[in-house]
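K.L.:
Questions regarding the structure given below will be posed in turn.
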Amino acid sequence: MADKILIVDDDPAIRKLLEKVMHSNDMETTTADSGEKALRLLAEHTYDLILMDVILGDMEGFEVIRRLRSQGIKTPVMIVSGRNEDYDSLYGLSIGADDYITKPFRPVVLGAKVKALIRRNRDMILEKPDQLERGPFTYDYNTMRFYKNGEEVILSTREASLFLLFLQNPGQIFTKDMIYEKIWGTSVAVDDNAIMVYVNRLRGKIEADRQKPVHIVTVRGLGYRFMA
């Protein structure tokens, strides 16, 4: 059975191009020229992946992503945008998008990325439990919320991304460069103190005593390690 792709873009030429790329990869397509139409389609049908533009006639693609995620729709979303600012990609990923590609794109690259994302999502559905548990901490994949001993821990978007990285990799040492690349999407330092600030904020919310951390520990000269 062919994979089903929902294309959301208000530019007819881009919709046609995206359809052509998907059809060349043996995928079926449905198109929406507005955010409202996309949400109506998603309420009535299921898709294997959504290709989402950022700028739509009635709302931003970010708003569509927020709404579908709040409704519990977990369909993978790849943002396809003519804007290449780091903020757009980071913000999109933080609210529930799964990947990001900028226009103009190489059709062969887009096709490969779509196939990889669909395959990865299916593997995660088969392998990933609803919750991730590490010591006193629990992460609920369905609600994207964190808990410590059953009590919810309220985190900012970047704190949440950092904490999930630690929870998914207990015992692994993360250098500054590794954290920059995984959380900020770049290996180039954003700010010399940025990681320290976010680690300290996170410690303040999960540690009994942030001055004597037992979960997010500093490995002198290397980086940080999470201990459950």
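K.L.:
Net charge near Leu42, counting Lys/Arg +1 and Asp/Glu -1 over other residues with Cβ under 14 Å of its Cβ?
P.N.:
That sum, taken over residues with Cβ under 14 Å, equals +3.
K.L.:
Filter Lys113/Lys182; Lys115/Lys205; Lys37/Lys205; Lys16/Lys113; Lys74/Lys212; Lys113/Lys205 down to the pairs with a C-alpha to C-alpha distance above 30 Å, please.
P.N.:
Lys115/Lys205; Lys37/Lys205; Lys74/Lys212; Lys113/Lys205
K.L.:
Classify the chain: rounded, prolate or oblate, from the alpha-carbon gyration tensor (a ≥ b ≥ c, eigenvalue square roots; a/c under 1.5 rounded; otherwise prolate if a/b is larger than b/c)?
P.N.:
prolate
K.L.:
Next up: Would you mind telling me the antiparallel percentage of the DSSP bridges in the chain, rounded to 5?
P.N.:
55
K.L.:
Leaving out ligands and nucleic acids, note down the accessible area per residue over the chain with a 1.4 angstrom probe, in whole Å².
P.N.:
Averaged over the residues of the chain, the accessible area is 55 Å².
K.L.:
Right, here's the next one. Using a cut-off of 11 Å between beta-carbons, work out the net charge of the residues near Asp11 (Lys and Arg +1, Asp and Glu -1, Asp11 not included).
P.N.:
Charge balance near Asp11 sits at -1.
K.L.:
Next up: Carbon and sulfur: what percent of the range 16-145's accessible surface (1.4 Å probe)?
P.N.:
Within the range 16-145, the accessible surface is 48 percent carbon and sulfur.
The values are calculated or read from the model by the stated rules, or taken from the named source; none is laboratory data. Source: prediction; values computed, not measured. Reconstructed Cβ throughout: ideal geometry from the backbone, glycine too, with neighbour counts over all protein chains shown. Note: areas computed on protein heavy atoms with side chains; ligands, DNA, RNA excluded. Shrake-Rupley method; radii C 1.70, N 1.55, O 1.52, S 1.80 Å.
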